[in-house]
Amino acid sequence: MNHWHREDDTFTSPDGHCHLQHTPAEDTPWRFRHHVYDGFDTHWDASFTQDTPEQLVAQFFTHLATTTPVERTFRDVPYLVQNLDDALITPVHRAPVNPHVHHAGAQLGRVVHRR
């Protein structure tokens with residue numbers, strides 16, 4: 001599992017920032033928590049009830065535990081995370097136009113002038 005550590009019912013990511021707790025007997029058997037700097041707008045939680053299909057939980061964890069880099073704009077990276085030694089932020093050269101900009105540009109050609 002990409003070097004995640006397991007202790008009892010808890011899995012911990014290699015950097016120690018993400019925790020998965022699996023307690024099958026509870027109403028919410030799957031709980032995910034991620035944090036950097038003990039909060040400061042760098043945390044999130046996700047939980048899945050017993051009614052959640054196992055395949056959905058498996059896909060969520062697979063994407064969470066992958067070593068594939070996440071692509072996002074620099075402004076979407078939390079400020080306190082931007083200078084972390086654990087985070088590898090690589091600038092993208094010649095990146096394509098943002099889909100939102102492309103959509104807005106396409107809509108310009110559809111403007112209807114009213115008299």
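The values are calculated or read from the model by the stated rules, or taken from the named source; none is laboratory data. This is a predicted model, so every value here is computed, not measured. Every residue, glycine as well, gets a Cβ built from its backbone with ideal geometry; the counts of neighbours run over all protein chains shown.
Can you tell me which residue in the stretch 6-20 is nearest to the chain's Cα centre (by Cα), limited to those that are surrounded by 11 or more Cβ atoms within 10 Å (Cβ to Cβ) and over 15 Å from Thr62 (Cα atoms)?
Here the answer is His17.
Check whether at least one residue in the stretch 53-64 is at pLDDT 85 or above and either touching a helix residue (DSSP H, G or I) at 6+ places or on another chain (Cβ under 7 Å) or among the hydroxyl-bearing types (Ser, Thr, Tyr) (or both), and report yes or no.
yes
Regarding Asp76, is this residue over 15 Å from the mean Cα position of the chain (by Cα), farther than 16 Å from Leu20 by Cβ, surrounded by fewer than 10 Cβ atoms within 10 Å (Cβ to Cβ) and at pLDDT 75 or above?
no
Looking at the structure I just gave you, is Phe32 at pLDDT 85 or above, surrounded by 12 or more Cβ atoms within 10 Å (Cβ to Cβ) and of a type outside the set (S, T, N, Q)?
yes
Here's a check for you: in the stretch 1-36, which residue that is among the hydroxyl-bearing types (Ser, Thr, Tyr) and assigned to a strand (DSSP E or B) is nearest to Glu54 (Cα to Cα)?
The initial filter retains those residues of the stretch 1-36 that are among the hydroxyl-bearing types (Ser, Thr, Tyr), namely 10, 12-13, 23, 28.
Retained after the next criterion (residues that are assigned to a strand (DSSP E or B)): 10, 12.
On the way: Thr10: 17, Thr12: 20 Å.
If we take residues in the stretch 1-36 being among the hydroxyl-bearing types (Ser, Thr, Tyr) and assigned to a strand (DSSP E or B), then Thr10 is nearest to Glu54 (Cα to Cα).
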